[in-house]
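The values are calculated or read from the model by the stated rules, or taken from the named source; none is laboratory data. Computed from a predicted structure; not experimentally measured. Here the Cβ positions follow ideal geometry from the backbone for every residue, glycine too, while neighbour counts run over all protein chains shown.
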Protein chains: 2
Amino acid sequence: MKQTKLLMPTLREVPADAEVKSHQYLLKAGYIRPVSAGAFAYLPLAKRVLNKVEAIVREEMEAINANEMLVPEILPAELWQRSGRYQTYGQDLYKFKNRQDRDFILGPTHEETFTELIGGDIKSYKKLPLLVYQIQSKFRDEGRPRFGLLRTREFLMKDAYSFTADQEGLDSIFDQMEDAYRRIFDRIGLDYRVIVGDAGAMGGSDSKEFSAPAAAGEDTIVYSEGSDYAANLEMAQDFYERVDRSSEAQEAMTTIDTPNVKTIEALSALLDRPASELVKTIVLAGPEGQLIAVVTTGDFDVNTVKVQNFLGLSEVDLADETVVKEKLGASFGSLGPVALPEDIQLLVDERAADLVNFAAGANEDGKHHLNVNWGRDVALEEDQVGDFRTVKEGEMAVDGKGKLAFTKGIEIGHIFKLGTKYSAALGAQVLDQNGRAVDMIMGCYGIGLSRLLAAVSEQKADEKGLVWPAAIAPYDVHIVPINLKDDDQAAVVADLEKAVAEAHFDSLVDDRKERAGVKFADADLIGLPIRITVGKKAGEGIVEVVLRESGESFEMQASEVVDHLADWLQK
Amino acid sequence: MKQTKLLMPTLREVPADAEVKSHQYLLKAGYIRPVSAGAFAYLPLAKRVLNKVEAIVREEMEAINANEMLVPEILPAELWQRSGRYQTYGQDLYKFKNRQDRDFILGPTHEETFTELIGGDIKSYKKLPLLVYQIQSKFRDEGRPRFGLLRTREFLMKDAYSFTADQEGLDSIFDQMEDAYRRIFDRIGLDYRVIVGDAGAMGGSDSKEFSAPAAAGEDTIVYSEGSDYAANLEMAQDFYERVDRSSEAQEAMTTIDTPNVKTIEALSALLDRPASELVKTIVLAGPEGQLIAVVTTGDFDVNTVKVQNFLGLSEVDLADETVVKEKLGASFGSLGPVALPEDIQLLVDERAADLVNFAAGANEDGKHHLNVNWGRDVALEEDQVGDFRTVKEGEMAVDGKGKLAFTKGIEIGHIFKLGTKYSAALGAQVLDQNGRAVDMIMGCYGIGLSRLLAAVSEQKADEKGLVWPAAIAPYDVHIVPINLKDDDQAAVVADLEKAVAEAHFDSLVDDRKERAGVKFADADLIGLPIRITVGKKAGEGIVEVVLRESGESFEMQASEVVDHLADWLQK
């Protein structure tokens, strides 16, 4: 492709509202343009990246016998009313009416659509398992679209859905899908981690998230420095072995004045004891307003998602301080587990449950108890004890293999065991081996394709611009003549272009009448893997090769370039 | 691909609301399913056809240096308010509000989007010409979606837009695009005609339509049996050479009573003269209510689109009979050109203008004039004479090469010279060679991709089911074993599948436990080009080959099949 035929409008200035690196460079290098807030046009270079990403996704989906389909983007509201999501999905759902005043939505995801389609045509377990997917624009009316392609109102996704007659079938497809996703992200050349996602009340094993570490990420990923373990901060677990300290002497509980001691740090200083030997008591409220007191050691924060999943509640939040004060008679900072009102449920983190002779708030402002002991001073059953803490960097990972570290991550994929939620709601049943009608068991699997462009850019771009991995670069080779009016240069360029095409690579030729400096800066900005500069030595058949990612550069005979392309692109 | 892994739900019964062949078979063969009225899911077989169509389109677009892009489907209403189409597009436009109560539309087409994008980034004629395209779902809130994929609310289109600094640039891209479209439809294997479309008041040369002849088509195409000439019925022209009859004797005009003579047929019978020697006068009304009397010979109908384009009016319709009676004093059937009121504009079709001593209504009910002559009885200037008639089958085509025939057609593509309509409205200007700001000159070009599936099905399907041209068939080869439990058959199937793949063709293997009759019927229904039946003679390495389109069948050694695939697919 000749650059003069290509719409590649690079900018000298970055728009002020572009906060993150990927947004800035994708605008500056002429890959994307906003059409409205959170809805972008993909210009030719970006579309070529998307096409290459899509081709990789299709290959890996086909390899596990996934069926490509395409369903409508406009969906009858009735379908979502039957699943209940029309009411619960919230403001992110685009709703509209057609000319006959019927209600429709723009699909943000398609569990209902595929459940209805498959349920309508598949009536026997013999036709299962079935795995379907599509590549399509999705719509979400984000309250505050931002960070370029990272949070948009219209985005490109690969969404897949599996239908099986039994749990083993789902487990098998789930594993195949995880492997396929790993191959996709490996081939794209992205650094990613597979993390335990928050699957809500259904338990952690039902969902895995693929996250690309990047400073612009909106999620905190916790990973082990010594193993593959990784999880979202909400789900991450550290290693802790319970200790039996029942034989230790229990000293007499006393109460002391602690005016102005509102924090663990202050209490720790006052008593000259480490925070890990003190406890912190936080009162949470469930969806019905029920109160839950959670006790952790002073060096950890309570993790509301873990509490929520442990109790199987839909929502858990910090209780209102006035409610707490009325109920317990004390403010935040002076709360403790001793003599809690009976209708407050007590949960104790395992680290706190193993303390003896510990200090705790006395449920009276300005007072703390010393030498509190479980059993003697506070009744505690083992089923009230669990992991209710948020992990910290530097703790040992739950697998005992290495310390936990934190990083910011971008969610690029998510695989999820749905079970029968949608098939039950929409009546998608098959007859099983015994002739009984059973709800199909479903999984759903998504990759954010347009978001991948941002994730790759966040990870790879350097101070000069974008850096594309070879597998998804818009073109493999950027041929940059200094002066196309020079016959030697023109001839070398023509030969190179032809040889590259014959070797099944693609090239972009900068045939613009621009100064060399402008051409080089634009080449660095758009970030193709290999730049071949054709300049003064063209007469001797010599060109300069520059590898974008490493910055490595060297001269060689133009005729030999094509033999090395595969190697350079492999790097 | 193994058929047991493929979602291919064939039906035994065709839904009653499927009126046309393509709709019936695409449902029955498991290619499509409705999700709501006019919005279909493309099942795996259909998606494979679409993917092959898209690949051909991309290749031909790339060959003329078109840039692939992808713009949002949700568009701010403001963009369409500025072009004026938000107000004029009518009920077909899907409108909705986002959570901030801002107005949006779902794009039915993207002239505005691309004009705004290109206008924002391109400021000099030096960056032109530029040709961009995309493949994307479009939305039109059809009042009455019908005929399966032929008239839908959500459909897949390839839409392209060209931007040039001068008319020559547009003309050149328009021609390249026509050639590219011809190559696309040729490669797909579709029978089509390039016809002169109605380009409204801008003149016929600005638009060409690609139409696929088919009984289910909603348009009437007129074509020459002896040349490439083709046009929409509204635009079609027949051959007519003007005759100078000024030397012929003009007889005296008389008026006769013609009670109950309301039609040309009745007048022709009464006077014993052919309809071609009588005239018919029709009164039309323009958008402001202005009246236009159009005279044709009695054997032709008046063509309102030609009148409209001739006068440069936005709309022309048959005038209301009560208005006409009030103004002329006579009802339809007794109208004529003699003594018309001055404020009625007279237009005369060239065939009628060449008559002498002809009969015409007397503008008095139950009376006709005989021996009317232009000039003597009715003033007539040459600029009132033109082609205002609708052609008839059997007339000579305008190029004089063959007779006109009519057929029904499906519009599959349309190319259009837009000029500066959108660039002027949206301020998309470039500096020209003289440094003056000029509006960019635009063209737009569309192919209805999902509709192509219906057009091909309408043309090719036979009484057994669908028949796909090789270039876009979901799979090239259908391998149908009679009994996979037979080791010989299983071995031949495995070898065949491998050999087909190695030769870069794709195959579908019917590994279902079904009777041979069911398998053959399904194979005919889904319509892959080549069926290879592996049955009893598998032990001798012999298989049966059936070519779907011709029905030809023969036995041969399985090992030789792959050598013939390319030939068979070429047929």
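Quick notes
- Within region B:80-99, being touching a residue at least 60 places away in the same chain (Cβ under 8 Å) and either within 7 Å of chain A (Cβ to nearest Cβ) or in a helix (DSSP H, G or I) (or both) holds for B:R82, B:S83.
- All told, B:K126 falls short of being facing chain A (nearest Cβ under 7 Å), basic (K, R), free of Cβ contacts under 8 Å to residues at least 60 places away in the same chain and part of a helix (DSSP H, G or I).
- Set side by side, the residues A:V430, A:V378, A:V480, A:V385 differ, and just one is over 30 Å from A:L525 (Cα atoms), outside the structural domain of A:P44 (by TED's automatic domain parsing), in contact with a strand residue (DSSP E or B) (Cβ under 6 Å, 6 or more places away or on another chain) and at pLDDT 95 or above, which is A:V385.
- Residues in region B:456-467 that are touching a residue at least 60 places away in the same chain (Cβ under 8 Å) and either in contact with an Asp or Glu (Cβ under 9 Å, 6 or more places away or on another chain) or in a strand (DSSP E or B) (or both): B:Q459, B:K460, B:K464, B:G465, B:L466, B:V467.
- The set of residues in region A:366-402 being under 27 Å from the mean Cα position of the chain (by Cα), closer than 29 Å to A:A330 by Cβ and not in a loop (DSSP other than H, G, I, E, B) consists of A:G386, A:R389, A:T390.
- Test for B:V132: is it at pLDDT 95 or above, among the aliphatic types (A, V, I, L, M) and part of a strand (DSSP E or B): yes
- Test for A:G400: is it modelled with pLDDT under 95, surrounded by 18 or more Cβ atoms within 10 Å (Cβ to Cβ) and farther than 30 Å from A:A165 by Cβ: no
- Under the condition of being out of contact with any strand residue (DSSP E or B) (no Cβ under 7 Å at 6 or more places or on another chain), more than 9 Å from chain B (Cβ to nearest Cβ) and not hydrophobic (A, V, I, L, M, F, W, C), the residues counted in region A:129-147 number 3.
- Residues of region B:139-175 satisfying the condition of being in a strand (DSSP E or B) and modelled with pLDDT under 95: B:R146, B:R151
- Only residues that are touching a Leu at 6+ places or on another chain (Cβ under 9 Å) and charged (D, E, K, R) were counted in region B:365-405, giving 3.
- Residues that are over 25 Å from A:P287 (Cβ atoms) and surrounded by fewer than 16 Cβ atoms within 10 Å (Cβ to Cβ) were ranked within region A:192-219; the one that is modelled with the highest pLDDT is A:A215.
- Region B:256-280, residues that are in contact (Cβ under 8 Å) with a residue 12 or more places away in the chain and under 23 Å from B:L347 (Cα atoms): B:K262, B:T263, B:I264, B:L267, B:S268, B:P274, B:A275, B:S276, B:E277, B:L278, B:V279, B:K280
- Residue that is modelled with the lowest pLDDT [pool: residues in region A:48-88 that are surrounded by 15 or more Cβ atoms within 10 Å (Cβ to Cβ) and small (G, A, S)]: A:S83
- Within region B:482-493, considering residues that are of a type in the set (A, V, I, L, M) and in a helix (DSSP H, G or I), the one surrounded by the most Cβ atoms within 10 Å (Cβ to Cβ): B:V492
- Lone unmet requirement of (1) more than 10 Å from chain B (Cβ to nearest Cβ); (2) under 29 Å from B:A66 (Cβ atoms) for A:S36: (1)
- Residues in region B:507-558 that are of a type in the set (A, V, I, L, M, F, W, C), crowded, with 17+ Cβ neighbours inside 10 Å and farther than 21 Å from B:P44 by Cα: B:I532, B:V534, B:A538, B:V543, B:V545, B:V546, B:A558.
- Considering region B:69-79, and only residues there that are in contact with a strand residue (DSSP E or B) (Cβ under 6 Å, 6 or more places away or on another chain) and outside any loop (DSSP other than H, G, I, E, B), the residue that is farthest from the other protein chains (Cβ to nearest Cβ) turns out to be B:A77.
- Selection from region B:89-128 of residues that are surrounded by fewer than 21 Cβ atoms within 10 Å (Cβ to Cβ), under 22 Å from A:M8 (Cβ atoms) and not acidic (D, E): B:G119, B:G120, B:I122, B:K123, B:S124, B:Y125, B:K126, B:K127, B:L128
- Every residue from region B:337-363 that is within 21 Å of B:E326 (Cα to Cα) and of a type in the set (V, I, T): B:V338, B:I344
- Matching residues, region B:106-120, being more than 8 Å from chain A (Cβ to nearest Cβ) and assigned to a helix (DSSP H, G or I): B:E111, B:E112, B:F114, B:T115, B:G119
Residue-wise test of (1) assigned to a strand (DSSP E or B); (2) in contact (Cβ under 8 Å) with a residue 24 or more places away in the chain.
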position: A:V480; (1), (2): yes, yes
position: A:D495; (1), (2): no, yes
position: A:V518; (1), (2): no, no
position: A:D522; (1), (2): no, yes
position: A:V546; (1), (2): yes, no
position: A:D563; (1), (2): no, no
position: A:L569; (1), (2): no, yes
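- Unmet criterion (only one of (1) farther than 30 Å from A:R182 by Cα; (2) within 11 Å of chain B (Cβ to nearest Cβ); (3) among the aliphatic types (A, V, I, L, M); (4) in contact (Cβ under 8 Å) with a residue 24 or more places away in the chain) for A:A46: (1)
- Pairs, first on the phi > 0 side of the Ramachandran plot in region A:134-154, second assigned to a strand (DSSP E or B), C-beta under 9 Å, six or more apart: A:G148/A:I32; A:G148/A:P34; A:G148/A:F40
- Residues located in region A:1-33, provided they are within 11 Å of chain B (Cβ to nearest Cβ), among the aliphatic types (A, V, I, L, M) and in a loop (DSSP other than H, G, I, E, B): A:M1, A:L6, A:L7, A:M8, A:L11
- Which listed residue, of A:V467, A:V509, A:V456, is over 27 Å from A:G409 (Cβ atoms) and either modelled with pLDDT of 95 or more or in contact with a helix residue (DSSP H, G or I) (Cβ under 7 Å, 6 or more places away or on another chain) (or both): A:V509
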